[in-house]
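Step one of this worksheet: look at the structure below.
Each value in this text was obtained by applying a stated rule to the coordinates, not by laboratory testing. Model, not experiment: these values are computed from the prediction. We place every Cβ from the backbone using ideal geometry, glycine too, and count neighbours over all the protein chains shown.
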Amino acid sequence: MPAMLFNDTEIERYARHLVLREVGGPGQQKLKGASALIVGAGGLGSPAALYLAAAGVGTLIIVDPDSVELSNLQRQVLYAEDDLGRSKAEAATDRLAALNPHIFVAGYNGAFDASTADELCDGVDIVLDGTDDFAVRYEVNAACVRHGKPLVSGAIGRWTGQVGVFGSKPCYRCLVPEIPPDAETCVAVGVVGALAGVVGSMMALEAIKLIVGAGEPLTGRLLIYDALAAETRTVKVGADPECPVCGG
C-alpha cells in the first residue's frame, strides 16, 4: 500500500489514533486508504457510519432507499428534524462529509438487491449490514461471498443486539439458513434507541479492527448483548456443509 501523507489538520484530528500502539501511523494510513459499504443508514448504520467517518476511513458508500421520518429520530442519530422527508442516503452523506471533510462519502438512494449488489460490492474493502430485512441480508451476504469481502453484520430488537463478522466460510447464511417464520421487526416489537448506538458502534469497531489488523475480530463468532441484564456472551458460528451460499 503506498504511503499516504497527512496534513497538519489530519494529524491533530487523528492524534489519539496515532499514539495508539495498535493503530499508529501505518494503521491510520490503512484507514485512509480503505473503503466501506454501509447497507442501511438506520439505527445501526447511523452510529457505524459516524464512527467510521470520524476514524478517517477514506471512502464511505451509504445505501438506503428510504426517507427520514420522525419516528427514526429516536435512534437514528445521523439525522435531525431538518432532515425530515429527505432521502437518508442524501442526508447521511451531507452529515458525514460535514463531520470529516478529509474523506469521500457517496450515497445511493436505492435498494440493495440482485440488480445492484455486484456493482455496489465490487470496489469496496469491507461491507457493513445494518438492515432489518432478511431478504436484503441474504443478498448482502451472497454478494460478499461472491466478491470475497468481509461482512460485519448487526441486528437489534427490543433490548437485545448481536454483532458478527462473516467471511467466505462460515457466511451469514450458515448462521441463518432460512428466514425465521417468527422473525420480529422493530416496528412491531420496538427497540430501545440507545441499543442501536451500542451495537452500531460495535460494528464500526469490528470494521476498524479488520482494516488495521488489530486484535481478534469476531470472525466466525457472534456476540450477543442483553441490555436489560447488562450481559454479553459470544458463540461460535460453524460452517454449514449444506449452506446454499458457501457450501460449508
Filtered residues of the range 174-197 (kept if without any contact (Cβ under 8 Å) to a residue 60 or more places away in the chain and within 18 Å of L151 (Cα to Cα)):
V176
Quick one: in the range 197-247, of everything that is charged (D, E, K, R) and not in a strand (DSSP E or B), which residue is farthest from K30 (Cα to Cα)?
E242
Given the range 45-139, what strands (runs of 3 or more DSSP E) lie entirely inside it while holding 1 or more residues that are surrounded by 15 or more Cβ atoms within 10 Å (Cβ to Cβ) and charged (D, E, K, R)?
126-129
Flagged in the range 201-248 as closer than 14 Å to G161 by Cβ and of a type outside the set (A, V, I, L, M, F, W, C), in numbering order, are S201, E206, Y225, D226, E231, T232, R233, T234
Here are the criteria: (1) of a type outside the set (G, A, S); (2) under 26 Å from G215 (Cα atoms); (3) part of a loop (DSSP other than H, G, I, E, B). Tell me which single one P177 does not satisfy.
(2)
Take the range 156-191 and flag every residue that is of a type in the set (A, V, I, L, M, F, W, C), under 26 Å from S35 (Cβ atoms) and surrounded by fewer than 21 Cβ atoms within 10 Å (Cβ to Cβ).
L175
Take the residues in the range 140-158 that are of a type outside the set (G, A, S) and part of a loop (DSSP other than H, G, I, E, B), then tell me which one is nearest to V187 (Cα to Cα).
P150
